[in-house]
Amino acid sequence: MKIGIIGSGNVGKALAAAGTRAGHTVTLSARSPEKAQEAAKATNSHAAGSNQEAVKDADLVVLAVPADKVDEVLGSLASELDGKVIVDVTNRVDVKDPGQVLDGSSMAEHIQKRAPKAHVVKAFNYAFASKMSDPKVGGTRLDGFVAGDDEAAKQKALEFIESIGFRPLDAGPLTMARALEAMGLLNIVLQIRNNWPWQSGWKLAGPTGDEE
Ligand SMILES: NC(=O)c1ccc[n+]([C@@H]2O[C@H](COP(=O)([O-])OP(=O)(O)OC[C@H]3O[C@@H](n4cnc5c(N)ncnc54)[C@H](OP(=O)(O)O)[C@@H]3O)[C@@H](O)[C@H]2O)c1
């Protein structure tokens, strides 16, 4: 699969490393081409000179930028995203006042409104970057939830998520991104309140068809 990742930070690099390891062709962009080149070198992937170049031939476009940069990025891409599968990994984070974030909306739905001809799915946001490149805890495969309205787009994202080591789970329509975004925030709040080392990931216990 050809994966275009916008953002070369913690998440961009973790997914690029995992993606190339799984045999995908990954291209990264950042605000500056130099940053993208640095990240590409560290992850065996390719650097794009612009966001446009990163998405041009991509089967999956991963949006791995801070939530407050999403509108800027979408504004610069416009019709280039038409027909593309966008994997939204973003989280709004407010640990002091979580209610500001848990307001019944989601970044993924916002992105879908801004890019109506793209197929947006929510994934990865509930995992820490360290677990995206190694989605196992004590030999247990972490759950990789994907929410989205377009079935073909969701299948593509599930295929990618499984290829890099998560247990792929269809989490329902794009509105379920609200729950996945809350899970991302919950995982962050749990680390802070319990002084945990930011290495936990989500795994649903019980009879869920997982033989592990
Ligand atoms: N870190 C985690 O463990 C984690 C886990 C789950 C979800 N998330 C979410 O994933 C997103 C990315 O997090 P992160 O930790 O990877 O952030 P980060 O390390 O700060 O990296 C953000 C990246 O976005 C790039 N960027 C910003 N504006 C851009 C633009 N206009 N065009 C292209 N690239 C742009 C930055 O470019 P430069 O390098 O040039 O500055 C940087 O490479 C956030 O929404 C975060 O909430 C993070």
Write out the trypsin sites (Lys or Arg not before Pro) in segment 79-172 meeting two conditions: DSSP loop, and at most 14 other Cβ atoms within 10 Å of their Cβ. Lys96, Lys117
Cross-link candidates for Lys131: which lysines have Cα within less than 16 Å, leaving aside residues fewer than 8 places away along the same chain? Lys13, Lys203
So for Glu151, Glu109, fewest C-beta neighbours within 10 Å to most, what's the order? Glu151, Glu109
Which residue, Val189, Val11, Val62, has the most motion in a Gaussian network model of the chain that connects Cα atoms within less than 10 Å? Val189
Of Ile5, Ile188, how do they rank once you tally other Cβ atoms within 10 Å and put the fewest first? Ile188, Ile5
Taking R0 as 30 Å and r as the Cβ-Cβ distance between Gln155 and Ser105, the FRET efficiency 1/(1 + (r/R0)^6), rounded to the nearest 0.05, comes to 0.70
If Lys and Arg each add +1 and Asp and Glu each add -1, what is the summed charge of the other residues whose beta carbon sits under 11 Å from the beta carbon of Leu174? 0
Report the Rg/Rh value for the chain, based on alpha-carbon coordinates and the Kirkwood definition of Rh. 0.94
Length-normalised contact order for the chain - Cα pairs under 8 Å, 6+ apart - percent: 18
Antiparallel bridge percentage (DSSP; both residues within segment 2-194; nearest 5): 20
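All of the numbers you see were taken from the coordinates with simple rules; none came from a lab. Quick caveat, the model's predicted, so the values are computed rather than measured. Every residue, glycine as well, gets a Cβ built from its backbone with ideal geometry; the counts of neighbours run over all protein chains shown.
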